[in-house]
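Structure first, commentary second.
The values are calculated or read from the model by the stated rules, or taken from the named source; none is laboratory data. Note that the structure is predicted; figures quoted are calculated from it, not measured. Positions of Cβ are backbone-derived with ideal geometry, glycine not excepted, and every protein chain shown enters the neighbour counts.
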Amino acid sequence: MKIPSSSATDLNKKDLRHMLTMNEFTKDEIDDMLELMTLLKNARKDNAIPELFKNKTVGMIFEAGSTRTRVSFEAAATLLGGHAIFLSKRDIHLGAKETIEDTARVLSRMCDVIVARTNDGETTQKLTESATVPVINGLDTVYHPTQMLADIFTMQEHLPEGKELTDLTVAFMGDETDVCRSLLLTCTKYGINFKQIGPKKYHMEEKWLQLADKNCQESGAHYEITEDTKKVSECTVVYGDSFYWTTQVDEKEERLAAFMPDYVITKELMEKAAPGAMLLHCLPANDKEEITREALEGDYSVAFDQSENRLTAQMAIIVYFTRHYVKDPSKEVREQHQNKINAFLEKL
Ligand code: CP
């Protein structure tokens, strides 16, 4: 069935895919996205990125603050020859004077992809139900899929000699955050072993573990949820994230008391990890809480490469999800329109 077309797109429903979680993609599809990232990163090194999103627009709904996700999508759109419009909560009517569904319909007719960072797990889902262009989840408090692509790509770039991604074991230090949950599912889907190391009260909920179990049956990966920081010795990747999100500031003292000092990433903790272990952090980092400055800037830290790879990932995401309909018109079609418009203008 054909979706009513907008001026910007001509998209068949079968080609329309959204990115809500990484768990909805197969390992082969994740590999395709990683390969596209490599091609685009190489093109960027030569300042020769093809204009694969020329004259196209990303509509970016951001209900919450962001440095990396916002800037990387805006820069990615520019590098690909397109443009991004930043729409904060106060700029648009989303869910207030206009339904989420109507906002999705309208943006779909003016933009070629929608990125949404929302304050709950439902708004982005609702956008996908009415949007006729791809909706990309830029963090919805449940999942953070665009972060995952950058993370796996960074691990691949820094693999220990002779190792493959599926040889890695990732230790996430701390709370069951959107990143922790996304990592559990992305790693187990891909075949990477995963551990959440943190206090029992903040361990992963059963419903996510059931999804991970299914992934492990297919990929052969293993996961473990533990309080035992000694388990870091089995891990080739140590991963940090904030001990509380902006919506949890009223729990800050309680959370810090539960996590500090045992689960803080320090130089000493990194020395206990498996030989050659790398340190990732999704950032922003609080170097007085979940990580020390010394660890964040240690030789083993790839956190800033990881943050740069957000840009690599967003370029690949824009291209991958719009590839069926963002195509340059032929020279003839362009000329036909130009001639008709010129003829009209001459009559004015
Ligand atoms: N890691 C991450 O999503 O960063 P921002 O909140 O700055 O986008």
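Descriptive notes on the structure:
- The residues of region 279-299 that are more than 18 Å from C180 (Cα to Cα), of a type outside the set (S, T, N, Q) and not in a helix (DSSP H, G or I), listed by number, are D287, K288, E297, G298, D299.
- First in region 297-310 and of a type in the set (F, W, Y), second anywhere and away from the ligand (no atom under 14 Å from the Cβ), Cβ under 7 Å, 6 or more apart: Y300/M270; Y300/A277; Y300/M278; Y300/L279
- Among the residues of region 55-74, those that are buried (at least 18 other Cβ atoms within 10 Å of the Cβ), part of a helix (DSSP H, G or I) and not polar (S, T, N, Q) comprise R68, R70, F73, E74.
- Contacts under 8 angstrom Cβ, first residue in region 138-150 being closer than 11 Å to L20 by Cα, partner of a type in the set (D, E, K, R) and more than 11 Å from the ligand (Cβ to nearest atom), 6 or more apart: D140/D120; V142/R181; Y143/R181
- Check on V302, at pLDDT 95 or above and under 17 Å from C180 (Cα atoms): no
- Residues that are crowded, with 24+ Cβ neighbours inside 10 Å and farther than 20 Å from S233 by Cβ, drawn from region 155-178: D175
- The listed residue being modelled with pLDDT of 95 or more and either touching a strand residue (DSSP E or B) at 6+ places or on another chain (Cβ under 7 Å) or not in a helix (DSSP H, G or I) (or both), out of L52, L34: L52
- Check on I30, over 14 Å from I114 (Cα atoms) and surrounded by 15 or more Cβ atoms within 10 Å (Cβ to Cβ): yes
- If you go through region 280-300 and pick out every residue that is at negative phi and within 15 Å of the ligand (Cβ to nearest atom), you end up with 9.
- Residues of region 306-316 that are closer than 19 Å to I30 by Cβ and either surrounded by fewer than 24 Cβ atoms within 10 Å (Cβ to Cβ) or not hydrophobic (A, V, I, L, M, F, W, C) (or both): Q306, N309, R310, L311, T312, Q314.
- Where a residue in region 253-269 is under 18 Å from H203 (Cβ atoms) and its partner, wherever it lies, is part of a helix (DSSP H, G or I) and of a type in the set (S, T, Y), with Cβ under 9 Å and at least six apart: R255/Y202; A258/Y202; F259/Y202; D262/T229; Y263/T229
- Helices (runs of 4 or more DSSP H) fully within region 203-275 counting 2 or more residues that are under 21 Å from T188 (Cα atoms) and modelled with pLDDT of 95 or more: 206-219
- Residue that is surrounded by the most Cβ atoms within 10 Å (Cβ to Cβ) [pool: residues in region 317-348 that are in contact (Cβ under 8 Å) with a residue 40 or more places away in the chain and part of a helix (DSSP H, G or I)]: I318
- Some residue of region 175-191 being small (G, A, S) and over 23 Å from the mean Cα position of the chain (by Cα): no
- Residues in region 103-134 that are small (G, A, S), in contact (Cβ under 8 Å) with a residue 24 or more places away in the chain and more than 22 Å from V71 (Cβ to Cβ): 4 in all.
- Any hit, region 306-329, residues being among the small types (G, A, S) and out of contact with any Leu (no Cβ under 8 Å at 6 or more places or on another chain): no
- Among the candidates T177, T123, T128, the residue that is hydroxyl-bearing (S, T, Y) and more than 23 Å from D15 (Cα to Cα) is uniquely T177.
- Among residues of region 64-111 being more than 16 Å from the ligand (Cβ to nearest atom) and of a type in the set (S, T, Y), the one that is nearest to the chain's Cα centre (by Cα) is T78.
- Region 112-135, residues that are crowded, with 24+ Cβ neighbours inside 10 Å and either outside any loop (DSSP other than H, G, I, E, B) or out of contact with any helix residue (DSSP H, G or I) (no Cβ under 7 Å at 6 or more places or on another chain) (or both): V113, I114, V115, A116, R117, T124, L127, V135
- Residues satisfying the stated conditions in region 75-102, i.e. crowded, with 17+ Cβ neighbours inside 10 Å, in a helix (DSSP H, G or I) and without any contact (Cβ under 8 Å) to a residue 40 or more places away in the chain: I100
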